[in-house]
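Encoded as structure tokens, the structure appears first; notes follow it.
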Amino acid sequence: MKQKVLFVCIHNSSRSQMAEAFLNEICGDHFESHSAGLEPGTLNPLAVEAMREIGIDISHKQTQSVSDVLESSQRFAYVITVCDETSAERCPIFPGDAKRLHWSFLDPSALTGTREERLAGTRKIRDQIRARIEMWCDEVCPAEAVG
């Protein structure tokens, strides 16, 4: 049976969505990944574009609230916050028995500059999230499940 993982950030617009997609792709045989936000917004179009560039389509995803997930009574093996350090105090604490992890990533919506500069920054954050997911999967997934 797959273990459920919830990725949480402030808006559920980019970091948690990317992490959810990567975990489902990299170690989907072992985990069922979800994401939510404290103040859900809309998907960040630059995150959608950055993911599409590497063959992952998150454009159909909806943002959801942590409170909606709480009300659904789902149980998670892991709750992983992906807020940046400056937003960490706003990152929600999720109740229950789940193992809690915090991985700090910059918020793509906070990037400044031209569209191309913000897209380049979003790509960098995307690649950092992917690398962290790959490293974590190497640690916790059975060897045959990672791929």
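Panel order for His60, His30, His102, His11, by other beta carbons found within 10 Å of each beta carbon, from fewest to most: His60, His102, His30, His11.
For the pair Lys2 and Ala120, a Förster radius of 30 Å applied to the C-beta separation gives a FRET efficiency near 0.30, rounded to the nearest 0.05. Note on Lys4: lysines with a C-alpha under 24 Å away, same-chain residues under 8 apart excluded, are Lys61, Lys99. Annotation: the residues Ile56, Ile133, sorted from fewest to most other C-beta atoms within 10 Å of their own C-beta, follow the order Ile56, Ile133. Here the Karplus relation 6.51 cos²θ - 1.76 cosθ + 1.60, evaluated at θ = phi - 60°, turns the backbone of the range 100-111 into coupling constants of 9, 10, 10, 10, 8, 9, 4, 8, x, 5, 8, 5 Hz, with x for every Gly and Pro. In order along the range 68-80, the phi-based Karplus estimate (6.51 cos²θ - 1.76 cosθ + 1.60, θ = phi - 60°) of 3J(HN,Hα) comes to 5, 5, 4, 5, 6, 6, 5, 10, 10, 6, 9, 10, 10 Hz; Gly and Pro are listed as x. Cβ-to-Cβ counts within 10 Å put Val140, Val79 in ascending order as Val140, Val79, the fewest first.
Bear in mind that the values in this text are calculations on the coordinates, not laboratory data. Note that the coordinates shown come from a computational prediction; the quantities given were computed from them, not determined experimentally. For neighbour counting, all protein chains shown are included, and Cβ atoms are generated from backbone atoms with ideal geometry for every residue, glycine included.
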